[in-house]
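Peer 1: Sharing a structure, written as structure tokens. Questions coming.
Where a number appears in this text, it was derived from the coordinates with a stated rule and is not lab data. Computed from a prediction, not measured in an experiment: that's the story for all the values here. Note that we place each Cβ from the backbone using ideal geometry, even for glycine, and neighbour counts take in every protein chain shown.
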Amino acid sequence: MFPTRILLAADGSKDARRAARCAAELSLKLDSELHVVYVAPEHPYVYASHGVARREDVKRNKDEDKQTLDGCVEQVREAGGTVAGNYLGAGDAAGEIVELAEGLRVGLVVLGSRGHGLLGVP
């Protein structure tokens, strides 16, 4: 009846921090696994640059995206939750979240109402 898996879609925003606390509390109360996903935007590449400079930009972007995900996981832990799995996606946030939710067979997706990502409502 209650979800055995919960997916928190986070982006590091203020609302996502609230959602992390909510997801942590829900997972504890419902005895559910909690998974966290951060879907990074596709980073624009400067096509005029080549070689080392471009590789450094790609690495820097990936490192920043991983830090954002790690921060989201830490927010869950600070709220007393345990993270069963964390996932880093890129591109279409809605599509990535739905695909992961289906793959993990989650019963509930938690996300903030407004954030930095593409799912924010104006």
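Peer 1: Return the distance in nm (one decimal) between the two label points of a simple spin-label model at VAL58 and GLU74, each offset 7 Å from Cα along Cα→Cβ.
Peer 2: Taking the simple label geometry, VAL58 and GLU74 are separated by 2.8 nm.
Peer 1: What shape does segment 5-111 take by its C-alpha gyration tensor, where a ≥ b ≥ c are the square roots of the eigenvalues and a/c under 1.5 counts as rounded, a/b above b/c as prolate, and the rest as oblate? Mind dumping the intermediate values first?
Peer 2: Working: a/c = 2.92, a/b = 2.07, b/c = 1.41.
The shape class here is prolate.
Peer 1: Here's another thing I want to ask about it. Where the only charges are on Cβ atoms (+1 Lys, Arg; -1 Asp, Glu), what is the dipole of segment 5-111 about its Cα centre, to the nearest 20 debye? If you can, show how the numbers build up before the last one.
Peer 2: Details: 14 positive and 18 negative charges, 36 e Å.
Dipole of segment 5-111, to the nearest 20 debye: 180 debye.
Peer 1: Residue by residue through segment 79-87, what is 3J(HN,Hα) from phi via Karplus (6.51 cos²θ - 1.76 cosθ + 1.60, θ = phi - 60°)? Round to whole Hz and write x for glycine and proline.
Peer 2: The phi angles translate into 7, x, x, 10, 9, 7, x, 10, 9 Hz.
Peer 1: Here is a further query. If each residue of separation counts as 0.36 nm, what is the full-extension length gain between GLU99 and ARG18 once their alpha-carbon separation is subtracted? Could you put the intermediate results ahead of the total?
Peer 2: On the way: separation 81, 0.36 × 81 = 29.16 nm, distance 2.35 nm.
Extra length available between GLU99 and ARG18 comes to 26.8 nm.
Peer 1: List the aspartates and glutamates whose Cα lies under 15 Å from the Cα of LYS62, skipping any in the same chain that are fewer than 8 positions away.
Peer 2: ASP11, GLU42, ASP70
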